[in-house]
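The structure appears right after this line, and notes come after that.
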Amino acid sequence: MTIALEPDLEDRLVRYCAVDTQSDLDSPTTPSTACQLDLSRMLVAELEAMGAEDVVLTEYGAVLATVPGNAPGPTIGFLGHVDTAPQFNATGVKPRVIRGYNGGEITYPDDPALVLSPEVDSYLGKKVGEDIVCASGLTLLGADDKAGVAIVMSAAQYLLEHPEVPRPTLRLAFTPDEEIGRGVHGELPTDLAVDFAYTFDGGVEGEIVYESFSADQADVVVKGVSIHPGYATGQMVNAAYLAAKIVQALPLSTMTPETTSGRDGFLHVTNMEGGSSEMHIRLILRDFEREGLAAKSDLLRQVCAAVQAGEPRAKIEVEITPTYRNMRYWLEDDMTPVELAREACRGIGIEPFSQPIRGGTDGSRLTEMGVPTPNLFTGMRQIHGPLEWVSVQDMGKAAQLMLGIVGLAVQKDA
Ligand SMILES: [Zn+2]
C-alpha cells in the first residue's frame, strides 16, 4: 500500500498549528480556554465536508465523529488532543516547512540564538531528505498534538474517499485540555462507544506505548497565626517558614523530576503561594506502581505531620487527589489493541518498540475508565518548547499505521 497522504498531512498540520489552542490549568471552565474551540469548530466543518457521520462538538468541548463501517470488526476509536501546552508561548505560531532537510543546522528567524541540529536532537539526524515542520523561534509549534489530529483526520478522509477499502466502524475524537490533565470527560467513554481506542500522541517512529505513570496531585495548606509583627512576640506563627520547612524535608536529592529517570517516580513541587498567615503548596506525585505512588503520599503526609508536631498552633492539611493510573494495569489483561498495533506497524515495515512513558495521556484515563487506549507515535520531538518539530514523513507513517490497524481489524474478524 503506497498512499501519499503527506501533502494533506502537511497542509493540515500547518493550518492547525497556526490556531492558538493553549489550555490553562488555572481556568475553571470547560474547555479551559475558549480559543481551543476555534480549532474544534474547524474540525467539525472539515469532518462534515469529508462526509463523516454523527459529527458533534460536545458540551465538554470534544469533537466526535463516525467513519461508518463497511465490514465487520471491532469498533475502534482514534483520538488526538487539540490543546497545546501551557508551559511556553503559543500565541502567533508561524509554522515553517523545511523541505528536504539537509542534515545541518536549523535556525529561527524570530530568535537568532536558537539552533536545532542533530547535535541537539540526534533523531533529527535520521531525517535527512525529509520535510521538517518547526516554529519561528518565539513559540512552540504545537505538533503536540496537532500532528496527531492531522494524522487521524487525514487517514479518516482517505477511508471516506475509498469506500472499496474494508473498514469496521471507526469513531474519532478530538479532545480539549489534555495538557492540563482534563482531556477525558466522564461522559467520553460512553459517547465514544468503542471496543478499544488509540491516541496519536507519541514520539518517534515505531513507538507504541501501553505503560504510563500513575499520578496523584497533592495540595498542602499551611495556616499560621497572624498578628501585627510589632506585637507578635510569642504569638506569631509564620506559615511561610513552615511551608519552607516542609519542602526542605522532602527527599530533594533522590526523588524529584530532575534527579530521577527510568522507572523511578518522584514528588514535584509545582507551585507555592501565599504569605505569612497562609501558604498553599501544590505537588504532583508520580510512580509507575500503585505501591510506589502510595509510598510518596505517605512520605508527604509524614513530613507534614512532623512539621505540624513541631508547631501545634499551626494547622497543616494535606489533600491527595488521584489524577490517572498506569494503563498497563488494564492492558496487560488484554493486549489485543497493543498486539494489533504492533502487527500493523510491522506491516508498514517499522519494528515497533514499547517503553514506559514518564507521563500520562488521555489514554491513561480512558483505559482506567474501561476503554483500552494505547498511545501511538506521531514523530513529534522537542515538545512544549521553541525547538518543537516534526517530520511530515513520520506523520505519513503514522497515518499508514492507522490505516494498517483498520485493515488488520477487518481481516482478524473475518
Ligand atoms: Zn500531547
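Figures for the structure shown
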read-out	value
Inter-residue pairs, beta-carbon under 7 Å, first closer than 10 Å to residue 397 by Cα and of a type in the set (Val, Ile, Thr) and in the stretch 340-351, second open to solvent by 10 Å² or more (accessible area, probe 1.4 Å) and outside any loop (DSSP other than H, G, I, E, B), 6+ apart	348/397; 348/400; 348/404; 350/397
Inter-residue pairs, beta-carbon under 7 Å, first free of Cβ contacts under 8 Å to residues at least 60 places away in the same chain and farther than 20 Å from residue 413 by Cβ and in the stretch 149-178, second in a helix (DSSP H, G or I) and away from the ligand (no atom under 16 Å from the Cβ), 6+ apart	none
Close pairs from the stretch 375-386: first aromatic (Phe, Trp, Tyr), partner within 12 Å of the ligand (Cβ to nearest atom), Cβ under 7 Å, at least 6 apart	377/202; 377/203
Condition met for residue 181 (on the phi > 0 side of the Ramachandran plot and surrounded by 17 or more Cβ atoms within 10 Å (Cβ to Cβ))	yes
Filter result for the condition that a residue is over 23 Å from residue 21 (Cβ atoms), open to solvent by 30 Å² or more (accessible area, probe 1.4 Å) and either within 16 Å of the ligand (Cβ to nearest atom) or of a type outside the set (A, V, I, L, M, F, W, C) (or both), over 158, 101	158
Every residue from the stretch 129-149 that is within 23 Å of residue 47 (Cβ to Cβ) and within 13 Å of the ligand (Cβ to nearest atom)	142, 143, 144, 145, 146, 147, 148, 149
So residue 258, is it open to solvent by 50 Å² or more (accessible area, probe 1.4 Å) and within 30 Å of residue 338 (Cβ to Cβ)	no
Positions within the stretch 327-370 being modelled with pLDDT under 95, in contact with an Asp or Glu (Cβ under 6 Å, 6 or more places away or on another chain) and in a loop (DSSP other than H, G, I, E, B), in sequence order	356, 361
Inter-residue pairs, beta-carbon under 6 Å, first charged (D, E, K, R) and more than 16 Å from the ligand (Cβ to nearest atom) and in the stretch 180-203, second modelled with pLDDT of 95 or more and open to solvent by 20 Å² or more (accessible area, probe 1.4 Å), 6+ apart	195/74; 195/75
Long-range neighbours under 8 Å by Cβ, at least six apart or interchain, first residue closer than 14 Å to residue 385 by Cβ and assigned to a loop (DSSP other than H, G, I, E, B) within the stretch 96-116, second at pLDDT below 95 and of a type in the set (A, V, I, L, M)	none
Residue within the stretch 28-45 that is among the β-branched types (Val, Ile, Thr) and either in a strand (DSSP E or B) or in contact (Cβ under 8 Å) with a residue 24 or more places away in the chain (or both) present	yes
Subset of the stretch 371-388 [assigned to a loop (DSSP other than H, G, I, E, B), within 13 Å of the ligand (Cβ to nearest atom) and in contact with a Gly (Cβ under 9 Å, 6 or more places away or on another chain)]	378, 379, 380, 383, 388
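The values are calculated or read from the model by the stated rules, or taken from the named source; none is laboratory data. Predicted model only: the values in this text are computed from it and were never measured. Neighbour counts are summed over all protein chains in view; Cβ atoms, including those assigned to glycine, are modelled from backbone coordinates with ideal geometry. Areas reflect the complete protein model, heavy atoms only, side chains present, ligands, DNA and RNA absent. Shrake-Rupley method; radii C 1.70, N 1.55, O 1.52, S 1.80 Å.
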